[in-house]
Structures are given as structure tokens and as C-alpha cells.
1. Which one of Ala340, Ala358 is among the small types (Gly, Ala, Ser), modelled with pLDDT under 90 and open to solvent by 70 Å² or more (accessible area, probe 1.4 Å)?
2. When the residues of the stretch 152-169 are filtered to those that are touching a Gly at 6+ places or on another chain (Cβ under 9 Å) and charged (D, E, K, R), which remaining residue is farthest from Tyr214 (Cα to Cα)?
3. Can you work out which of the residues in the stretch 149-186 that are more than 25 Å from the chain's Cα centre (by Cα) and in a helix (DSSP H, G or I) is surrounded by the fewest Cβ atoms within 10 Å (Cβ to Cβ)?
4. Between Glu296, Glu327, Glu287, which is at pLDDT 50 or above and over 48 Å from the mean Cα position of the chain (by Cα)?
5. Could you please find all residues in the stretch 199-219 being under 17 Å from Asp189 (Cβ atoms) and either open to solvent by 10 Å² or more (accessible area, probe 1.4 Å) or assigned to a loop (DSSP other than H, G, I, E, B) (or both)?
6. Tally up the residues in the stretch 147-169 that are of a type in the set (D, E, K, R) and at pLDDT 95 or above, please.
7. Sort through Ile150, Ile222 and tell me the only one that's in contact with a Ser or Thr (Cβ under 7 Å, 6 or more places away or on another chain) and within 26 Å of Thr77 (Cα to Cα).
8. Could we say that Glu21 is over 20 Å from Pro60 (Cα atoms) and surrounded by 13 or more Cβ atoms within 10 Å (Cβ to Cβ) here?
Amino acid sequence: MELSPLSTGMRVRVWNKAHSESQRGTIALDNEDSTFDILYDENDIEEVEVPNERIQCLEPFELEERSDSVSSLSTSTALAAQALACKTNGNTLFSQWKDWKAAMEQYLKALALLTEVSCGTVHGRVGAFTVGAPVLVSAANSVVVRQGMIASEGVDDSHVDIMYDADDAEEEGVHTQHLTRLTEVQHRDVQRACFLNLARCATRRKNFGWAVRYSSLALAIISVLTGDYQSLSELVQQDEEGAAAAAAAAAMKHATDALVLRGKALLLAGRPGLAQKDAVALLQLDEAKGTQLLKEVAALRAERHQQNKKLSRDVVNWVSQAMHIAEGFGGAETGTGAGAGTGTGAGTGAGTGAGAGAGTDAVLGLEELEDVEEVEEPAEETGKTSSGWGFW
């Protein structure tokens, strides 16, 4: 893209070489020396004297007015086409510019448009969760996602009653924040791709809880489309050259990608137990990737074991030193009494001072992510694991 003349107030994208990513902002000041002060969109952070070679114009679709253009798309075909365009835009922002936040906005917009296609209501959230609507229900603090149908309205607009497909069990008062509307059948592969790409973006942004949720939703949609993604390998073997086998092979790849993404996100969130379950499921789809994830789970557990051993030693040392300090204070009191009995004050001062000095030194010495398919798999994240879940 040809770079337009930069000026104060212009919306731009800035490359961050240290993190191999870019983010959007506004030029706050032209320093008239080929550097600019940038006010970033996220967290209102300002960076001064940014050289112009790091600055890039936004994509044309990002500069379009965010008006009621979506509501003017009155037909399902137009909405679906716009949704696909948004997903393609997201792929461009992810692969070409590595702007994870901007890419997520496009994928989320695509999902919103597909929901409008399914519910037949423009900008109507209530329409998405009406009686009879097929939904996915994400359990709180869990990777479990169940398919069901809205059986009846709840006590208010934010709650509904769900009948689950697997066992016809019913659950009352489910909050709509746990629901995802399933799109029409012909659009579910695009819906699955958007969720999987959202998981990639969330992982890049270190929002591991959201990465887990998005990849779980992608896996749930794959299950809806295939019945059971863990049995896909059998179908491929039974019909090696047929159309059914080709579709099963594609679904296997999608399920593999989703399990790898979720397993790594769980590891980075400090949940090796759940990550191990995904690794075991992966073994049936891709033995090499399942084995690799199991190795990473084992490595994290070994690291935690060493950290726990070190912590235990530190605690034992701290208790031992604390007891030593306490004994020192006790000895000082005894010395004080003896000194008083003999009528000399020197022993009292020396004993107390020595005890206090030794105690202070001891304490201070303690060490304190194709078109409809997913975008290219991001490189592995490196660094220490995080216990933060982001969403949960």
C-alpha cells in the first residue's frame, strides 16, 4: 500500500519490532523531523518520536465510516457476503499486519453478521435467543460446550431455559452471556473458522481464557458438523479417496488445530490437567502433535515440581532462622536477668545488642495462528506460564 503524507490527527498503524506486531493509533504531533508522536487506541498510551518507517496507513476497509451500513443490508445473501468479507479482512490484518486486536474486531463483526442472517433480525440480540433457536452453551470455568435449543424464555431478557440435544435434559435460567447462537448450516464452517482465528488472536494477546473459550466453541461446531470429530480418522481410512473422506480429512485438520490451540492456551494459563486431556484426544487425530503436547505438559509439571521443592526449602530455612532469632531473644532476656543479679549492666547491653543485630542480618539475608480456512498457524509463544485466565 502506498504511504500517504502523514499529518497530525491521521489514523495510522505502527509496527512494534520488539513484539513483532502492530497496533493502531492517531498521530498526535508531527515533530517535523520525520518522527511523530503517536497516541495508541489501546489504553491511551503515547509514544514519542516514532520514525516514519514504522508508520503505515490503515487498510481502506478500516477507514470506511462505521455508520448504519450493516443495517442497510436487507437480504440474507448480502449479510452473508459481508460476513465473509469481514473474515477475509481479519485474515489480512492477522497475516500481513499482525494486528491481533484489529483482526479480532473483523472476526467478531463477521460472527455478528452471520447471527443476523440466522435470526432474521438486524441488530437484535433478543432475536438471536428466541424460543427454538439452536445454541451452544459454554459452562462457567470449564472447557465444556453443549449443544441445545432455547426451550422457553426466562425470568427476564437475560435468562432463558435450555433443552440439551444429547440427553433432552433441561436447564433453567441460563444467562445469555453463556450462549452462542448457531448459524444456519451453510454458514457454520465460516463460523467455526472465525472462532478458531479468534483463538489465535487471543493467544497472541495473551488472553488465554478467551483463547480457550473460542477454541472450545470451534470444537463444538466441528462436532455439530461431523457428529464426533474423534472418530473422523476411521472415516478417512474407510473411504480413502471418496468425497466423504476428503471432508473428514478437512474436519480432522480443523479439530487438530483447535485442540492444539486450546491445549497450548491451557498450558499458558497454568492448567496442565485440562491440557493433558486435549493431548490425549489429539493422539487420535495427529499422534505427533498429541505426543508433543504431552511432552509440554510433562515439562510444565516438572518445572512446577522444582519450584515447589525450592519453595519448601525456602520455607524450612525461614522457619529455622525465625526459631533461631526467637531463641536469641530468649537468651538475651536470660542474660539481662543474670547481669542484674550480679550488679553489672554491661552484660545486659551486650547481650541485647548482639541478639538484635544477628536477627536483622538473618532476615535481610533471605532472598525474596486459506480463505475460508484458518490463517497460518502463529509461532509458539515463549516465556513463563501465566495463571491468568482472561475470561474465567
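1. Sole residue among the options that is among the small types (Gly, Ala, Ser), modelled with pLDDT under 90 and open to solvent by 70 Å² or more (accessible area, probe 1.4 Å): Ala340.
2. Asp161
3. So, considering only residues that are more than 25 Å from the chain's Cα centre (by Cα) and in a helix (DSSP H, G or I), the one surrounded by the fewest Cβ atoms within 10 Å (Cβ to Cβ) is Gln186.
4. Result of the check over Glu296, Glu327, Glu287: Glu327.
5. Correct list: Tyr214 only.
6. The total comes to 1.
7. One residue alone meets the criteria, Ile150.
8. It is false that Glu21 is over 20 Å from Pro60 (Cα atoms) and surrounded by 13 or more Cβ atoms within 10 Å (Cβ to Cβ).
The values are calculated or read from the model by the stated rules, or taken from the named source; none is laboratory data. Computed from a predicted model, the values in this text were never measured in an experiment. As a convention, Cβ positions derive from the backbone with ideal geometry for all residues, glycine included, and neighbour counts pool all protein chains shown. Calculation scope for accessible area: heavy atoms of the full protein, side chains included, ligands and nucleic acids excluded. Shrake-Rupley method; radii C 1.70, N 1.55, O 1.52, S 1.80 Å.
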